[in-house]
Amino acid sequence: MAQLLDGKHLADLRATKLKQKVTHLKSEGIQPLFCVINIGNDPSSKIYLKTKKRRAKEIGIKQKLFQLSSSVTQKELLSLINCLNEEEKVNGIMIQLPVPGQIDLNEALAAIDPEKDVDCLTPANVGRLWRGDHFVEPATAHGILTLLDYYHIELKGKNVVIIGRSSIVGKPLAAMMLERDATVSILHLKTKKLSEYTKRADVLVAAAGQPNLVTADMVKKGAVIIDVGINRFNGKIVGDVDYAHVTNVASYITPVPGGVGPLTVESLMEQVVQLTRRKHGK
Ligand code: NDP
């Protein structure tokens, strides 16, 4: 059986350290403030918002939710983003995904001040990420690298295969793993035969949102498996990996829940603190 990569445990450890950093900032009169814009009433978003709010409170970060109606216009959204950009006290801004169809997400993201872009989704910060001189990191990718580092899993020279090319997971993770000298392949729906790539992976990341997409026969013996997927399946939360069988082939594996998820929330809080410290020249 593969060794478990315990994201929950690591997230708790890091939260304790982060809390100390926030306490120190507060002692200097600096209060990290994080603003989340949510549009409409997506049920999954509600769960994520609740988790973020609880984590921020535990760590001592002030979080403000801007709940907008599902019929909000692009102009109204841009006007809110501009206000938050200009507000001195705001250190981080994020737009909770998904957004309704009338919203031009790319334009809205581009309107966020890169210095307050906690999700690292503004064009300037995406460019910096690929150039390797970034000051903020996308939460999920940051969480995954933190987990690999904690378990001393080296990426240099390794074959990394990432299933999924979204802007929030697959693409930024590829950029950051490339920066660590891994050889990275990104797979997607048009990839002809997934297993031809996955079988060569030393580190396999599944971020497709498809239960049981990765089966044991697709995995090289001793591979490290990072399951990013969060899917509701047969009344349970499962990842993208057939955990019960893949665990017999892999050397390390993340559980779902309790793997990447807790580290994503924790990493988001770390980005808020990082941007706050940066603003104050720390
Ligand atoms: P998206 O739907 O934006 O992207 C999914 C990606 O997977 C796309 O690139 C898509 O390809 C690819 N894909 C889907 N099905 C297949 C398939 N059968 N074969 C190959 N590629 C496939 O999803 P997200 O990146 O936002 O999220 C992915 C999963 O990760 C979801 O389950 C989500 O809930 C979860 N998630 C978990 C987080 C955590 O903290 N654990 C954080 C963020 C997301 P194409 O581009 O061709 O459409």
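Taking the stated definitions as given, is LYS8 in contact with a Gly (Cβ under 6 Å, 6 or more places away or on another chain), on the phi < 0 side of the Ramachandran plot and modelled with pLDDT of 95 or more?
Here the answer is yes, as LYS8 does meet what is asked.
With the range 96-150 as the region, which helices (runs of 4 or more DSSP H) entirely inside it contain at least 2 residues that are under 19 Å from THR264 (Cα atoms)?
123-131, 139-150
Is at least one residue of the range 119-142 surrounded by fewer than 18 Cβ atoms within 10 Å (Cβ to Cβ), over 22 Å from LEU275 (Cα atoms), of a type outside the set (D, E, K, R) and touching a residue at least 12 places away in the same chain (Cβ under 8 Å)?
no
Do the conditions hold for ALA15, that is, is it touching a residue at least 40 places away in the same chain (Cβ under 8 Å) and part of a helix (DSSP H, G or I)?
Yes: the conditions hold for ALA15.
Conditions: (1) buried (at least 16 other Cβ atoms within 10 Å of the Cβ); (2) not in a loop (DSSP other than H, G, I, E, B). GLU196 meets all but one. Number of the miss?
All conditions pass for GLU196, except number (1).
If you take just the strands (runs of 3 or more DSSP E) that sit entirely in the range 207-282, which of them hold at least 1 residues that are crowded, with 20+ Cβ neighbours inside 10 Å and within 13 Å of the ligand (Cβ to nearest atom)?
Once the strands (runs of 3 or more DSSP E) in the range 207-282 are filtered for at least 1 residues that are crowded, with 20+ Cβ neighbours inside 10 Å and within 13 Å of the ligand (Cβ to nearest atom), what remains is 224-227.
The values are calculated or read from the model by the stated rules, or taken from the named source; none is laboratory data. All of these numbers come straight from a predicted model, not from anything done at the bench. Neighbour counts run over all protein chains shown; Cβ positions are idealised from the backbone, glycine included.
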